[in-house]
1. Taking LYS180, is it farther than 23 Å from SER279 by Cβ and open to solvent by 30 Å² or more (accessible area, probe 1.4 Å)?
2. Given the structure, is PHE192 crowded, with 17+ Cβ neighbours inside 10 Å and not in a loop (DSSP other than H, G, I, E, B)?
3. Take the stretch 262-272 and flag every residue that is more than 13 Å from SER248 (Cα to Cα) and surrounded by 12 or more Cβ atoms within 10 Å (Cβ to Cβ).
4. Quick one: in the stretch 52-101, of everything that is modelled with pLDDT under 80 and among the small types (Gly, Ala, Ser), which residue is nearest to GLY33 (Cα to Cα)?
5. Determine if the stretch 224-234 includes at least one residue that is open to solvent by less than 70 Å² (accessible area, probe 1.4 Å), farther than 13 Å from HIS198 by Cα and either in contact with a helix residue (DSSP H, G or I) (Cβ under 8 Å, 6 or more places away or on another chain) or assigned to a helix (DSSP H, G or I) (or both).
6. For residues that are open to solvent by 40 Å² or more (accessible area, probe 1.4 Å) and more than 20 Å from CYS224 (Cα to Cα), tally how many sit in the stretch 199-213.
7. Are there any pairs with C-beta distances below 9 angstrom linking a residue in the stretch 13-25 that is modelled with pLDDT of 80 or more and among the hydrophobic types (A, V, I, L, M, F, W, C) to a residue that is part of a loop (DSSP other than H, G, I, E, B) and open to solvent by less than 30 Å² (accessible area, probe 1.4 Å), with the two at least 6 apart or on different chains, and if so which?
8. Answer yes or no as to whether CYS36 is closer than 18 Å to ASP175 by Cα, at pLDDT 80 or above and surrounded by 15 or more Cβ atoms within 10 Å (Cβ to Cβ).
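The values are calculated or read from the model by the stated rules, or taken from the named source; none is laboratory data. The structure displayed is predicted, hence computed values, not measured ones. Cβ sites come from the backbone with ideal geometry, for glycine too, and all protein chains shown count toward neighbours. With ligands, DNA and RNA removed, areas are computed over all heavy atoms of the protein, side chains included. Shrake-Rupley method; radii C 1.70, N 1.55, O 1.52, S 1.80 Å.
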Amino acid sequence: MRAFCPYTCAVHGCVDSGVFVDEKGYQCAQWAGYDCSAEVFSRWGYSPAGATAVKASCVRTCGLCPATPPANRPAPSSTFLDIFQFVDEKGFRCENWAGRCSLEEFARWGYSVAGQAAVRSSCGHACGHYLVSPSPSPSPSPLPDPSPSPSPSPLPDPSPSPSPSPSPSPSMCLDDAEWKDETRHTCHHWGFWKCTAHTFTSRRISRANANAILNHCTYSCGLCGGNPRPTCLDEGAWRDAKGRNCKSWGFWGCTPQKFSSRRYSRVEAQEVLAKCTYSCGLCP
């Protein structure tokens, strides 16, 4: 039905899948009253693939049905009528031809000129309602009529018909909600704490772990819509030769006087500056 009636099914038959069950075990009816947004999917721990599946299968519940018919499709007209009892030269009825009355389709299935004319004249609704403009009349030279084919089976469709595909769903800024960082925390935790260089240092997060958090928790870290990503980070889990971390150096200040008074060698001081870029105030 969807292959032969793409326009009717998209606008007048916008329905949820009755058999769909999402990755958490819920059906479309259980999404009624909830907003199918990135925030809701992230809050309940849905993966990006799981969120896309809900929106694709629960279009009516999620409020994603098209509001109006596409502008390039003419409204139904009482002048386009099908002859109900008509059967074409290969045994098919008008409903099999909905949206497919083009010269390419007739040629592909080996219809004679007379057979084409019979389909067009008898299936006005199927051919006229779904075509933006009528196909040109066939050239005077008849198409070759191959030897009789076996009794027809339902019209096969080896390649997709030229009916327009649905518009792609808009991309969404989502978290990888089931992912956990090196400290076993989820994106939900980082949405509460905030993904800042100060927070990463305070919680002793390594640079590698901080970058992984920013990659997996795009929504919770507030990086949607082109918001800037923290790039100047400390090696938060690191400790220097005397057991002190970057948070301590952020409190003291990374000055020559501090390094000298605490008896740090030049190599040890340089390592502090390299590992504690944010806390030492060395960000661009």
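1. On the way: farther than 23 Å from SER279 by Cβ: yes; open to solvent by 30 Å² or more (accessible area, probe 1.4 Å): yes.
Criteria met by LYS180.
2. Working: crowded, with 17+ Cβ neighbours inside 10 Å: no; not in a loop (DSSP other than H, G, I, E, B): yes.
No.
3. The initial filter retains those residues of the stretch 262-272 that are more than 13 Å from SER248 (Cα to Cα), namely 263-271.
Of everything in the stretch 262-272, those that are more than 13 Å from SER248 (Cα to Cα) and surrounded by 12 or more Cβ atoms within 10 Å (Cβ to Cβ) turn out to be TYR264, GLU268, ALA269, GLN270, GLU271.
4. In this case the residue turns out to be ALA67.
5. Narrowing the stretch 224-234 to residues open to solvent by less than 70 Å² (accessible area, probe 1.4 Å): 224, 230, 232-234.
From the residues that got through so far, the ones that are farther than 13 Å from HIS198 by Cα too are 224.
Adding the requirement that they be either in contact with a helix residue (DSSP H, G or I) (Cβ under 8 Å, 6 or more places away or on another chain) or assigned to a helix (DSSP H, G or I) (or both) leaves 224.
Yes.
6. Taking the stretch 199-213 and keeping what is open to solvent by 40 Å² or more (accessible area, probe 1.4 Å), we get 202-204, 207-208, 211.
Then keep just the ones that are more than 20 Å from CYS224 (Cα to Cα); that gives 202-204, 207-208.
Total satisfying the criteria: 5.
7. PHE20/CYS58
8. Working: closer than 18 Å to ASP175 by Cα: yes; at pLDDT 80 or above: yes; surrounded by 15 or more Cβ atoms within 10 Å (Cβ to Cβ): yes.
When the stated conditions are applied, CYS36 passes them.
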